[in-house]
Every structure is written in structure tokens, then in C-alpha cells.
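Reading through the C-alpha cells given below for one structure.
The values are calculated or read from the model by the stated rules, or taken from the named source; none is laboratory data. Remember, predicted model here, so these are calculated numbers, not experimental data. Positions of Cβ are backbone-derived with ideal geometry, glycine not excepted, and every protein chain shown enters the neighbour counts. What goes into the accessible areas is simple: the full protein's heavy atoms, side chains included, and nothing from ligands, DNA or RNA. Shrake-Rupley method; radii C 1.70, N 1.55, O 1.52, S 1.80 Å.
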Amino acid sequence: MPPKKKARVSKTSAKSSKIDDIERTSAAGRKRKAAAPVEKTGEGSQSAGSAIFTCWLMKSEPESRFENGIDVKFGIEDLKALPDQTGCWDGVRNYQARNFMRQMKEGQQAFFYHSNCKEPGIAGIMRIVKEAYVDHTQFDKKDVHYDASSKPDNPKWSMVDVQFQRMMKRFLPLSELKKYHLQHGANGGPLKDMALFARARLSVQPLTAEEFDFILSLEDKEPL
């Protein structure tokens, strides 16, 4: 069981357009996303350049893992369990991932990807309901994502609010996506340059509309 700590959940409804961060309380236990490793390149680094993306893949850990005594587990079922099925995507400590979140627009869709678990893969779909704003966890000394180098007058890290939309009709495992990636790399296809394989460690990744639509089509097909 997670430690007896309060979950950070949204206080208000997404329908009211006043989504708050997951600093609010719930009896479900503390649900947190693990921080991605900070990249070694500069703060403004963004390998995608000026490319504009409208679809996303966001990774989180569905199985318990403790950092400083706090369980960072946060799977799609945890998102579903929050009030209004809405929560903030905090704890990102990678400049590329942060920059991608800063590109996100309200109403855009993202795949919820289960990572660092027995069977990683895409579990469901969520929607961006609040665009990037300051991630308060960077200033909380008791938080596993505290960053002493970030200052309130010049915060480094941002987060967005997401809302559960639906589960995939079937779980799409990484192993299957990799088969399509290899096929498309050899013969051409939408997943040939997918960031999931080109930048595997990145916790927030962009998807082209073609990539997103192809992956979505797989839920109606038999496993490869």
C-alpha cells in the first residue's frame, strides 16, 4: 500500500475551466509521477526545433516504486480515481519534456503510457485541460521532485492538467509497437521515426497526427 500521505488531486471540475493542481487531498493515497532524468543539455534545448505538434505520449509508472519513502506510482487507474478524473502532470525534470508540455494546447489528446513496469505500453487516452503553468513541487523541500536551483521568481519547471478520456480497447504493448516501428523503418510507414524509439527515455513525447491515428487504429486490430 502507498504511504499514508494525501493525494494531490484537482479541487475543481474540468468543466468549470478552473482545474487546479494535484496538491489537494484524497483518501486514495499519494499518487505521483516519477521525475524523468534531467538531460545534460542546456535549459532551452529542444531537439524538435520549431516543429508544432498536436498529439502527445506521456509516460508514468503504474507500479509502486518508492523515492525517499514516497510511492511515485501513478497509473491510468489512479488518474481515473481522481475527482473529475483530472490531475496535474507534475514532477517532470527534463528540459525537452518540459518544453513539449509548454507547447500543449487545451483540448489536445495524449496517450497515457505505462512505463518502468512488467509490460510497458499504451493504456488509454487523456486530454489536456489546462495549459502549462508553474509546477509547485519544485519549491517543496518535502517533495521528491524538489529542485533547490529553481527560484519562485524564475521557475524552471512547468506542468499541465490532464483528464482521463477512455481506456484503449486493448492495451498496446511496447513490444507490438516496436514490431511496427521496425517494419516501417524498413519499408516505410508512420512509426518509422516515432520518438518512443528515437528518444526512448523522454517522459513526454510528441506525436505527429499520422503516428497518433495509426496507433489508434491498432486497437481494432489483432495483436501483431
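On the given criteria, is F171 out of contact with any strand residue (DSSP E or B) (no Cβ under 8 Å at 6 or more places or on another chain), more than 14 Å from L57 (Cα to Cα) and either surrounded by fewer than 19 Cβ atoms within 10 Å (Cβ to Cβ) or at pLDDT below 95 (or both)?
no
It is to be established whether one or more residues within region 172-180 are of a type outside the set (G, A, S), closer than 24 Å to F74 by Cα and part of a strand (DSSP E or B).
yes
Of the conditions (1) in contact with a helix residue (DSSP H, G or I) (Cβ under 7 Å, 6 or more places away or on another chain); (2) surrounded by fewer than 20 Cβ atoms within 10 Å (Cβ to Cβ); (3) under 16 Å from C117 (Cα atoms), L196 satisfies every one except a single condition; which number is it?
Unmet condition: (2).
Restrict the check to region 111-134 and report whether at least one residue is over 23 Å from T208 (Cα atoms), in contact with a helix residue (DSSP H, G or I) (Cβ under 7 Å, 6 or more places away or on another chain), small (G, A, S) and modelled with pLDDT of 95 or more.
no
Could you pull out the residue among Q205, Q138 that is open to solvent by less than 70 Å² (accessible area, probe 1.4 Å), closer than 21 Å to V72 by Cα and part of a helix (DSSP H, G or I)?
Q138
Which of the residues belonging to region 38-82 are assigned to a loop (DSSP other than H, G, I, E, B), hydroxyl-bearing (S, T, Y) and modelled with pLDDT of 95 or more?
Hits for region 38-82 are T54, S64.
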